[in-house]
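Taking it in order: structure first as structure tokens, then the write-up.
The values are calculated or read from the model by the stated rules, or taken from the named source; none is laboratory data. Predicted, not measured: the structure shown is a model, and the values here were computed from it. Backbone-built Cβ (ideal geometry, glycine too); neighbour counts: all protein chains shown.
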Amino acid sequence: MKTPECLMVSCVNCVSQPAYNSPTGLMAMGWIRRLAALAFGLGLLTAPGFSRALAEGLRAGTAKIDITPTEPVAMAGYESRKDLSRGVHDPLSARALVFEQNGSHLVLVSVENLGFYNGTAEPLRNAILEASHIKPSELFLCAIHTHSAPTLALDPARFPASNVAYTKALEGKLAKLVRTALGRLAPADLGVGSGSSPVGVNRREVVQDKSGQKRIILGRNPWVITDREVQVLKVQDQATDKSAAVLFAYATHSTSLGPHNYLISGDVHGLAAQFLERYFGQGVVTPEFAGASGDIDPWVRVLPGFRTNNGWVPEPILMGTMLGEEVARVAERIQPQPASGPIKTLYRTLELPAKSQSDTSGAADQTVPFVITVGRLGDIGFVGLGGEVFNELGKRIKTASPFRMTFILTHCNGAAGYVPTRQSYPQGGYEVQSSPFAPGSGERIAAEAVRMLREL
């Protein structure tokens, strides 16, 4: 099925931190659920369609860990930024939401970082896999793509010692994060819903040079229709009927802050997640993910910092809060239900043709790998894409997906770079110029992701 059209769809019987120095009784539904569980255990309820969730026992667990650097580091995202970071505006976190049913797992991890460049994806994934004993296909390790986080690196000859130390420490922290979440598995209900936000806008602005020739620059192009869906997954603990997690995905770069900013920050996605955890309280974990946003930026982009003069509200906080409030609105309308259906996952690496010098065909005998990870949780689908995929490609996957709702998660298990649409190549622009892929690669990725979803 396609993307939900309403603001709430329940899954029923399916599935500023400083600088560096510085017994009214249970509700009726709760009783019904517990009595049904007891009856099932005594063999009193045998109809195959009766609460399959109670038979299979979907469980969920959450965890969150601080990953803020404790010393100056080189920051990722802009080549023109040469100096080390100068402080922390808001702390960085990594969050995990894990599901288990009949021994199968779905592990969703969001990391407040640019992405797993410089060959860091496999070391980080291996550290988690070795510590948690899950299958490689069960792990969705994703970055939110904030451009105000440390550069991940393991080569001391090319990167500052503080970045190498930070990355090595991150391996252990992420492994502990997932193990902690797995250790907290408990029976859970869940539901999904969607909203909409105008925070993201197409960034491929068309301008004319002095000779009248049109070209694409990084700016703001509000005339292009984009996917503004805010995808939300709400998890509720069965024992307490309290929310345990609110996961969300939204398509935008987290680039409200530009190369002149030297303060550590989660930017739009990170600030939205922080707002949500303050709003919901009670230990609710809010893993955040960047949707298909290779050509999408925040409405206000590449600012030099957090402006606060004369009562001015800093735009990164404004946009992060705006996105977070829409997530909260959707989450508050979701009524989680017992969830059943299988957990299944697939992990595949495509070898795609490399871009030639002319940008019109594949380079002979040269390919570029691209990682796709897919999973299902009953009738909810997940697609993890290891690169910066254009918005149209994400919409194509969601529209063709066989699942009721399909979450698109990018910067997942890899960092292959930009994946434009075929029609973008003749237009040019930064994304096309920097992409390693030949035209048509994006469409092949979308088609393969849909095929993999149908295999589940």
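Tabulated values for the structure
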quantity: Within the stretch 417-437, considering residues that are of a type in the set (A, V, I, L, M, F, W, C) and buried (at least 23 other Cβ atoms within 10 Å of the Cβ), the one nearest to Lys398 (Cα to Cα); calculated: Val419
quantity: Complete set of residues in the stretch 277-315 that are buried (at least 24 other Cβ atoms within 10 Å of the Cβ) and not hydroxyl-bearing (Ser, Thr, Tyr); calculated: Val285, Pro287, Glu288, Phe289, Ala290, Gly291, Ala292, Gly294, Asp295, Ile296, Asp297, Pro298
quantity: Matching option when the condition is modelled with pLDDT of 95 or more, part of a loop (DSSP other than H, G, I, E, B) and farther than 24 Å from Pro369 by Cβ, among Thr68, Thr62; calculated: Thr68
quantity: Thr308 modelled with pLDDT of 95 or more, within 17 Å of Ala273 (Cβ to Cβ) and not basic (Lys, Arg); calculated: no
quantity: In the stretch 180-218, residue modelled with the lowest pLDDT [restricted to those that are of a type in the set (S, T, N, Q) and in a strand (DSSP E or B)]; calculated: Gln208
quantity: Selection from the stretch 306-340 of residues that are over 27 Å from Leu58 (Cβ atoms) and hydroxyl-bearing (Ser, Thr, Tyr); calculated: Thr308, Thr321
quantity: Residues that are of a type outside the set (Val, Ile, Thr) and within 21 Å of Gln433 (Cβ to Cβ), drawn from the stretch 211-237; calculated: Ser211, Gln213, Lys214, Arg215, Leu218, Gly219, Arg220, Asn221
quantity: Residue list for the stretch 132-156, filter: within 22 Å of Ser80 (Cβ to Cβ) and surrounded by fewer than 19 Cβ atoms within 10 Å (Cβ to Cβ); calculated: Asp155
quantity: Single match in Val111, Val88, Val98 (criterion: surrounded by fewer than 24 Cβ atoms within 10 Å (Cβ to Cβ) and β-branched (Val, Ile, Thr)); calculated: Val88
quantity: Ile296 within 29 Å of Arg422 (Cα to Cα), among the β-branched types (Val, Ile, Thr) and at pLDDT below 95; calculated: no
quantity: Of residues in the stretch 180-197 being under 23 Å from Gly291 (Cα atoms) and in contact with a Pro (Cβ under 9 Å, 6 or more places away or on another chain), the one surrounded by the most Cβ atoms within 10 Å (Cβ to Cβ); calculated: Leu190
quantity: Some residue of the stretch 403-416 being in contact with a Ser or Thr (Cβ under 8 Å, 6 or more places away or on another chain), farther than 25 Å from Pro123 by Cβ and either surrounded by fewer than 22 Cβ atoms within 10 Å (Cβ to Cβ) or among the polar types (S, T, N, Q) (or both); calculated: yes
quantity: Which numbered condition Ser293 misses (of (1) closer than 21 Å to Ala415 by Cβ; (2) not in a loop (DSSP other than H, G, I, E, B)); calculated: (2)
quantity: Residue within the stretch 330-338 that is β-branched (Val, Ile, Thr), at pLDDT 95 or above, crowded, with 19+ Cβ neighbours inside 10 Å and assigned to a loop (DSSP other than H, G, I, E, B) present; calculated: yes
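Let's see how each residue does on (1) closer than 30 Å to Gln423 by Cβ; (2) modelled with pLDDT of 95 or more:
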| position | (1), (2) |
| --- | --- |
| Ile225 | yes, no |
| Val230 | yes, yes |
| Lys234 | no, yes |
| Lys242 | no, yes |
| Ala249 | yes, yes |
| Thr255 | yes, yes |
| His260 | no, yes |
| Ile264 | no, yes |
